[in-house]
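Here the structure is laid out as structure tokens; the discussion comes afterwards.
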């Protein structure tokens, strides 16, 4: 057993629950607000589209996709513990599986693959293999959506080192490079900003945007103009 096998066997209990609480139906509905703001604009228009949430945890995003009418959406995760939690909450189409092994058997099977907080758990060699497999598993014109730790953030270490199983972090430049090497095109990088749910979170959003402008100005002063992404996570969207 590797150290990661040991950690993932109790990932929800030892890492997620102490920080975010146990998954509940109420939490699924609350998280749906975040998923809509972060990922909603990148989803297919066809409700029959096949969507894979790679590294789905307890299935919160799959639940949201089903609620939006994407009944073919499915999720996989290496953690049997989290898959069991999701099934106990009534989330369908969840499977415990190794991501690389699962994708190896799927060719042009999906319209969209979403991997939130996944790639950072792998070595660099494994990341390249996984992106090659994701490219092969997507249909022509399909979309890959990734959320990963942003090493360019002034607080990037908080995410990079906040989980003992994390192996690496990314920047806009390295993620764009990686996706192009894997054969993707139309690569776009976005910040993952605070989600607005009410007045308190709106105040956080405003405060963050003031700070973000300052951090971007500092980078511009040093390296020149550019679309600097400085949030702790970054979102990458690419096409096959």
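The values are calculated or read from the model by the stated rules, or taken from the named source; none is laboratory data. In this text the structure is predicted, and so the values were computed from the model without any measurement. Cβ atoms come from the backbone with ideal geometry, glycine included; neighbour counts cover every protein chain shown.
Against the list (1) touching a strand residue (DSSP E or B) at 6+ places or on another chain (Cβ under 8 Å); (2) surrounded by 15 or more Cβ atoms within 10 Å (Cβ to Cβ); (3) farther than 21 Å from residue 132 by Cβ, the condition residue 227 fails is (2).
Given the condition within 25 Å of residue 7 (Cα to Cα) and more than 17 Å from the chain's Cα centre (by Cα), answer yes or no: does some residue in the stretch 141-159 qualify? Before you say what the answer is, go through the steps one by one.
We begin by selecting, within the stretch 141-159, every residue within 25 Å of residue 7 (Cα to Cα); these are 146-151, 155-159.
Imposing the further condition that a residue be more than 17 Å from the chain's Cα centre (by Cα) reduces the set to 155, 157.
Checking the stretch 141-159: at least one residue is within 25 Å of residue 7 (Cα to Cα) and more than 17 Å from the chain's Cα centre (by Cα).
Return the residues of the stretch 131-152 that are touching a helix residue (DSSP H, G or I) at 6+ places or on another chain (Cβ under 8 Å) and under 26 Å from residue 34 (Cα atoms); say none if nothing qualifies. Reasoning before the result, please.
If we filter the stretch 131-152 for residues that are touching a helix residue (DSSP H, G or I) at 6+ places or on another chain (Cβ under 8 Å), which is where we start, we get 131, 133-134, 136-137, 143-152.
Across the stretch 131-152, the qualifying residues are 131, 134, 143, 144, 145, 146, 147, 148, 149, 150, 151, 152.
I'm trying to understand the selection: among the residues of the stretch 165-179, which are surrounded by fewer than 19 Cβ atoms within 10 Å (Cβ to Cβ) and part of a helix (DSSP H, G or I)? Of everything in the stretch 165-179, those that are surrounded by fewer than 19 Cβ atoms within 10 Å (Cβ to Cβ) and part of a helix (DSSP H, G or I) turn out to be 173, 174, 176, 177. Applying the condition of being under 21 Å from residue 230 (Cα atoms) and in a helix (DSSP H, G or I) to the stretch 122-158 and asking which residue is modelled with the lowest pLDDT yields 156. Being in a loop (DSSP other than H, G, I, E, B), surrounded by fewer than 17 Cβ atoms within 10 Å (Cβ to Cβ) and without any contact (Cβ under 8 Å) to a residue 12 or more places away in the chain: is that true of residue 162 here? For residue 162, the condition - in a loop (DSSP other than H, G, I, E, B), surrounded by fewer than 17 Cβ atoms within 10 Å (Cβ to Cβ) and without any contact (Cβ under 8 Å) to a residue 12 or more places away in the chain - is met. Inclusion of residue 234 among residues that are under 30 Å from residue 111 (Cα atoms) and in contact with a strand residue (DSSP E or B) (Cβ under 6 Å, 6 or more places away or on another chain) is warranted.
Cβ-Cβ distances below 8 Å connect no pair with a first residue in the stretch 197-219 that is closer than 15 Å to residue 233 by Cα, a second residue that is in a helix (DSSP H, G or I) and modelled with pLDDT under 90, and a separation of six or more residues or different chains.
Have a look at 68, 10, 36 and point out the one that is surrounded by fewer than 17 Cβ atoms within 10 Å (Cβ to Cβ) and under 15 Å from the mean Cα position of the chain (by Cα). Reasoning before the result, please.
Working: 68 fails: under 15 Å from the mean Cα position of the chain (by Cα); 10 fails: under 15 Å from the mean Cα position of the chain (by Cα).
Checking each option against the conditions leaves just 36.
Taken across the stretch 14-26, residues that are surrounded by fewer than 21 Cβ atoms within 10 Å (Cβ to Cβ), under 17 Å from the mean Cα position of the chain (by Cα), under 21 Å from residue 162 (Cα atoms) and without any contact (Cβ under 8 Å) to a residue 24 or more places away in the chain do occur, with at least one present.
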